[in-house]
Amino acid sequence: MTTTPSSQNLPGDPGTAVPAEAGGDGRTPLLGRRAAKVDRLAELMGERADDGHGAGVWRTAFRRLRRSPMAISGAVIVALFLLVALFAPLIAPYSATSQAWGNEVFPNQNVFVGPRAENWLGLDNLGRDQFSRMVVGARQTLLVGVVATLVGFCAGALLGGSAGAAAVLGGRRGAWYDNAVMRVIDMMLALPTLLLAVTVAALVGPSLTTVMLAVGIAQVPIFARLLRGAMISQGSRDYVLAARALGVRKRRIALAHILPNSLGPVIVQSTLTLATAIIDAAALSYLGLGNPDPSFPEWGTMLADAQRFLSSAPQLAVYPALAIIVTALGFTLLGEAMREALDPKLRK
Amino acid sequence: MSNGTPLLAVEELSVVFGGRGSDEVRAVDGVSFTLNEGKVTGLVGESGCGKSVTSLALMGLLPSRGVRIGGSAVMRLPEGETDLLRLPARRMRDLRGSQLAMIFQDPLSSLNPVVPIGVQVTEILRRHRRMGGSAAAKEAAVLLDRVGIPDPTRRLREYPHQLSGGMRQRALIAMAVACRPRVMIADEPTTALDVTIQAQILELLKELVTEEGTALLMITHDLGVVAGLCDDINVLYAGRAVESAPRGPLFAEPAHPYTIGLLGSVPRLDAPRGEPLTPIRGSVNDNIAWTDGCAFAPRCDRYAAECLEGPPPLVPAGDGHTHRCVDPAEEETE
């Protein structure tokens with residue numbers, strides 16, 4: 001049995017004063033390794049004796065997640081972001097739109113106001129409180145990210161799920177349907193995501209809905225392929241044959257048996273997609289295809305606006321850029337950690 | 001031995017894979033047997049002899065593309081005799097689970113890992129017996145109790161991984177017998193289980209067969225299972241039945257060299273210590289097409305020139321005993 005480094009220190013192990021690597025507490029390496037093995041064994045037995053129920057896939061995955069530094073940092077970032085976005089009006093000290101300090105900032109004369117006690121991140125080029133704008137901007141980002149991911153998830157799952165089910169259970173006609181759907185998906189996949197999103201946004205015209213729709217549609221092929229692949233691989237499993245041998249209807253086999261077993265990778269993908277969606281949405285706003293309503297601050301738009309004053313007030317570009325990067329990083333870390341935790345091949 | 005007409009009469013069943021460019025594979029080639037009420041019929045042979053393909057063909061679970069099925073499998077149903085191989089898919093789906101049921105080899109992979117046992121059992125009751133939610137749940141508990149799972153109401157809420165191997169197989173059997181099928185097919189139901197559990201499961205199957213009058217087709221490579229359970233036995237080799245007989249005659253006077261080889265290769269407790277096992281030479285791949293002669297000839301100890309003079313006919317040897325050998329073992333061997 002091999003032990004992964006992350007599984008060696010038990011959570012909340014009372015015995016070791018130093019919660020460092022196994023064997024780091026004064027014992028010889030051999031003893032340390034053996035101790036780690038024993039710990040691991042105890043842990044495994046503990047899991048078994050736990051509640052007499054054994055541990056489900058999700059539960060073991062969650063246990064593994066809790067011990068992964070990647071997952072924890074990702075989760076902390078995501079949690080912070082969610083808190084800020086949800087409670088933005090309570091956190092933001094000033095209005096995000098009022099030009100209360102308009103008489104202090106003169107972009108034409110290169111007069112900007114940096115961080116100060118009153119305005120933690122300084123003022124933007126129109127004399128608005130930058131911190132408040134950043135906080136309120138998180139809402140927009142969250143909204144776009146979540147809705148776009150939902151759009152991609154739903155449409156992708158519908159297309160991929162129906163194609164997968166048809167391929168597994170539909171016989172000749174099902175295979176034809178699967179082929180037709182997947183060739184369209186392949187064509188969508190051949191276009192770069194951002195290009196696809198820009199095309200959609202350009203066709204519909206700039207608005208908040210456009211951004212969400214465009215970013216969502218760009219994610220559809222990934223979800224569709226993923227779910228279809230998972231469903232087809234599940235379709236050849238014994239339990240599907242067993243269900244067929246018991247005369248269970250095709251629709252029920254697809255929805256109640258194959259689908260729930262195929263959702264794992266798709267759920268993980270949605271976390272990763274959130275990160276992409278946030279970046280894509282910011283990119284669309286940056287390109288001027290975002291929400292044209294100036295009363296809603298948006299990180300991408302802020303970045304685009306700050307570009308003109310990059311030499312005199314670089315901080316105006318740095319804040320939203322950092323926010324975008326860190327948020328996307330948070331979702332990516334969490335998503336990757338989830339993927340690893342759920343992937344049995346990476347597990348052992 | 002059987003009372004009245006058989007429940008399921010399989011005649012000259014053949015399954016051919018491939019075609020259109022690629023080489024055809026005759027996985028099953030003219031297999032005939034009958035299943036009778038309350039009796040267990042065994043299908044014995046080594047891997048690749050067509051045991052599982054036979055069962056899937058009878059269940060209508062083979063893919064429709066690239067497979068040709070011949071022969072007939074006439075089943076006695078309440079509404080009359082029906083050839084299973086010619087039923088439309090929809091009709092077949094209604095029969096599966098209600099009149100015909102199957103138990104698979106690996107109980108863990110045959111249960112859906114993310115669906116509680118209870119849902120998987122009740123789904124059959126709702127499908128075929130049109131039961132409502134609470135009635136189905138009650139009946140499911142009765143079924144689990146019937147197959148010897150203690151504390152059924154708790155087990156119904158659990159997931160397959162929370163059950164032991166034996167209990168999983170019991171749950172699968174409960175699902176198979178949920179609608180009191182007339183014909184049950186068990187495809188190596190004990191292979192994935194350890195020996196003590198094997199015995200319990202076989203005991204359970206025997207009990208269900210005698211009490212419900214179900215006909216059971218037992219597919220196995222384990223001669224111990226055959227000896228303990230089956231009433232009639234068909235020995236398959238390379239897709240054809242080489243010998244068919246009731247249990248007694250088959251074990252007492254095996255006629256076909258392959259059957260003799262199978263029986264000889266089983267380790268015996270009463271054999272002297274250190275005595276080597278007698279294997280059958282070669283492997284299943286070393287055979288010739290049945291159309292050219294006896295497929296077993298290349299591995300046979302009693303091989304003679306006449307073995308290659310066309311396909312060996314089915315020879316009756318009395319008492320329901322038939323075999324396919326031109327030079328069968330003498331009755332009075334040893």
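Rounding to the nearest 20 debye, state how big the charge dipole of the stretch B:108-178 is about its Cα centre with +1 on each Lys and Arg Cβ and -1 on each Asp and Glu Cβ.
Details: 11 positive and 5 negative charges, 35 e Å.
Dipole size: approximately 160 debye.
Take the Cα coordinates of the stretch A:204-348, assign each an equal point scatterer, and use the Debye formula without solvent to give log10 I(q)/I(0) at q = 0.14, 0.17 Å⁻¹.
Values, matching the q order: -0.79, -0.97.
Placing +1 at every Lys and Arg Cβ and -1 at every Asp and Glu Cβ, with all other atoms neutral, what dipole size does chain B have around its Cα centre, in debye to the nearest 20?
2040
For chain B, what relative contact order do you get, as a whole percent, if you take Cα pairs closer than 8 Å and at least 6 residues apart? Please report the intermediate quantities before stating the final value.
Working: 634 pairs, mean separation 64.6, N = 334.
Value for chain B: 19 percent.
Divide, for the stretch B:4-79, the radius of gyration over alpha carbons by 2.2 N^0.38 Å, where N is the residue count.
Working: Rg = 13.5 Å, N = 76, 2.2 N^0.38 = 11.4 Å.
The value comes to 1.19.
Roughly what % antiparallel, to the nearest 5, for the DSSP beta bridges in the protein assembly as shown?
Values: 32 of 51 bridges.
That works out to approximately 65 percent antiparallel.
Using each residue's phi in the stretch A:293-306, evaluate 6.51 cos²θ - 1.76 cosθ + 1.60 at θ = phi - 60° and report the 3J(HN,Hα) Karplus result to the nearest Hz, with x for Gly and Pro.
Listing the rounded values in order: 6, x, 6, 10, x, 9, 4, x, 5, 4, 4, 5, 5, 5 Hz.
Given the stretch A:124-171 reduced to its alpha-carbon atoms as identical point scatterers, what log10 I(q)/I(0) does the Debye formula return at q = 0.13, 0.25, 0.27 Å⁻¹?
Log-scaled intensity ratios, in q order: -0.52, -0.85, -0.90.
Please state the relative contact order of the stretch B:81-231 as a whole percent: Cα pairs under 8 Å, 6+ residues apart? List each step's numbers first, then the result.
Values: 198 pairs, mean separation 44.9, N = 151.
Across the stretch B:81-231, relative contact order equals 30 percent.
Taking the Cα atoms only, what angle lies between the long axis of helix B:117-128 and the longest principal axis of chain B, rounded to 10 degrees?
The helix B:117-128 is inclined about 80 degrees to chain B.
Compute the convex hull volume of the Cα atoms of the stretch A:75-347, divide it by the residue count, and report the result per residue in Å³ as a whole number.
Details: hull volume 38.4 nm³, N = 273.
Once divided by residue count, the hull of the stretch A:75-347 is 141 Å³.
Per 10 Å bin, what is the whole-percent P(r) computed from every C-alpha pair distance within the stretch A:115-253?
Result returned by the calculation: 12, 27, 23, 18, 11, 6, 3, 0.
May I ask what percent, to the nearest 5, of DSSP beta bridges between residues of chain B are antiparallel?
Values: 30 of 49 bridges.
Roughly 60 percent of the DSSP beta bridges within chain B come out antiparallel.
Considering chain B as a Gaussian network with a 10 Å cut-off on Cα pairs, which listed residue, B:THR210, B:THR190, B:THR122, attains the greatest mean-square fluctuation?
The residue with the greatest mean-square fluctuation here is B:THR210.
Which value, to two decimals, describes the C-alpha radius of gyration of the protein assembly as shown once divided by 2.2 N^0.38 Å?
Details: Rg = 34.0 Å, N = 682, 2.2 N^0.38 = 26.3 Å.
Against the empirical 2.2 N^0.38 Å value, I get 1.29 for the protein assembly as shown.
Along the charge dipole of the protein assembly as shown, which of B:PRO267, A:GLN130, A:ALA317 sits closest to the positive end, that is, farthest toward it, with unit charges on the beta carbon of Lys, Arg, Asp and Glu (+1, +1, -1, -1)?
A:GLN130
Got the relative contact order for the stretch B:172-310 handy, in percent, Cα pairs under 8 Å and 6 or more residues apart? Write down the numbers at each step before the final one.
On the way: 136 pairs, mean separation 19.9, N = 139.
So the answer I get is 14 percent.
Can you pick out the pairs among A:LYS250/B:LYS39; B:LYS51/B:LYS138; A:LYS250/B:LYS138 whose Cα atoms lie more than 30 Å from each other? Working shown, then result.
Values: A:LYS250/B:LYS39 32 Å; B:LYS51/B:LYS138 36 Å; A:LYS250/B:LYS138 25 Å.
Pairs exceeding the cut-off: A:LYS250/B:LYS39; B:LYS51/B:LYS138.
For the stretch B:53-188, what D do you get in µm² per second when you plug the Kirkwood radius from alpha-carbon pairs into Stokes-Einstein at 4 °C and 1.567 mPa s? Display every interim value, and only then the final one.
Values: Rh = 15.8 Å.
Answer, rounded: 82 µm²/s.
So for chain B, what percent of the C-alpha to C-alpha distances run longer than 24 Å?
On the way: 31930 of 55611 pairs.
Percent of Cα pairs beyond 24 Å in chain B: 57.
Going out from 0 in 10 Å bins, what whole percent of all Cα-Cα distances in the stretch B:108-178 drops into each bin?
That works out to 24, 60, 16, 0, in percent per bin.
For chain B, set up a Gaussian network in which alpha carbons nearer than 10 Å are linked by springs, and say which option among B:PHE33, B:PHE251, B:PHE17 fluctuates the most.
Residue with maximal mean-square fluctuation among B:PHE33, B:PHE251, B:PHE17: B:PHE17.
Helix B:195-212 against the longest principal axis of chain B: what's the angle in degrees, Cα atoms only, rounded to the nearest 10?
Rounded to the nearest ten degrees, it is 80.
For B:VAL242, enumerate residues with amide H under 5 Å from its amide H, sequence gap 5+ or separate chain, H modeled in the peptide plane.
B:VAL235, B:LEU236, B:TYR237
Rounded, prolate or oblate: which fits the stretch A:268-348, taking a ≥ b ≥ c as square roots of the Cα gyration tensor eigenvalues, rounded meaning a/c under 1.5, else prolate when a/b beats b/c? All intermediate terms of the calculation are to be shown ahead of the outcome.
Values: a/c = 4.23, a/b = 2.35, b/c = 1.80.
Prolate, since a/c reaches 1.5 and a/b exceeds b/c.
Please state the charge dipole magnitude for the protein assembly as shown, taken about the Cα centre, from unit charges on C-beta atoms (+1 on K and R, -1 on D and E), reported in debye and rounded to the nearest 20. Numbers along the way, then the final one.
Values: 65 positive and 64 negative charges, 470 e Å.
My answer is approximately 2260 debye.
Counting pairs of Cα atoms in the stretch A:173-261, how many percent are more than 18 Å apart?
Summing the P(r) tail past 18 Å for the stretch A:173-261 gives 57 percent.
Given H placed on each backbone N at 1.01 Å, which residues far from B:GLY71 in sequence or on other chains put an amide H within less than 5 Å of it?
Residues meeting the criterion, in which the H sits 1.01 Å from N, are B:SER14.
Quick one: what are the phi-derived ³J(HN,Hα) couplings along the stretch A:267-278, Karplus 6.51/-1.76/1.60 with θ = phi - 60°, whole Hz, x for glycine and proline?
Going residue by residue, I get 5, 4, 4, 5, 4, 5, 5, 4, 4, 4, 4, 5 Hz, with x marking Gly and Pro.
Quick one: which residues, 5 or more positions from B:LEU77 or on another chain, have an amide H under 5 Å from its amide H? H modelled 1.01 Å from N in the peptide plane, none for Pro or chain starts.
Amide H neighbours of B:LEU77, under 5 Å, 5+ apart: B:THR82.
Rule-based calculations on the coordinates, nothing more; no lab input. Computed from a prediction, not measured in an experiment: that's the story for all the values here. Using ideal geometry, Cβ is built from the backbone for each residue, glycine included, and neighbour counts are taken over all protein chains shown.
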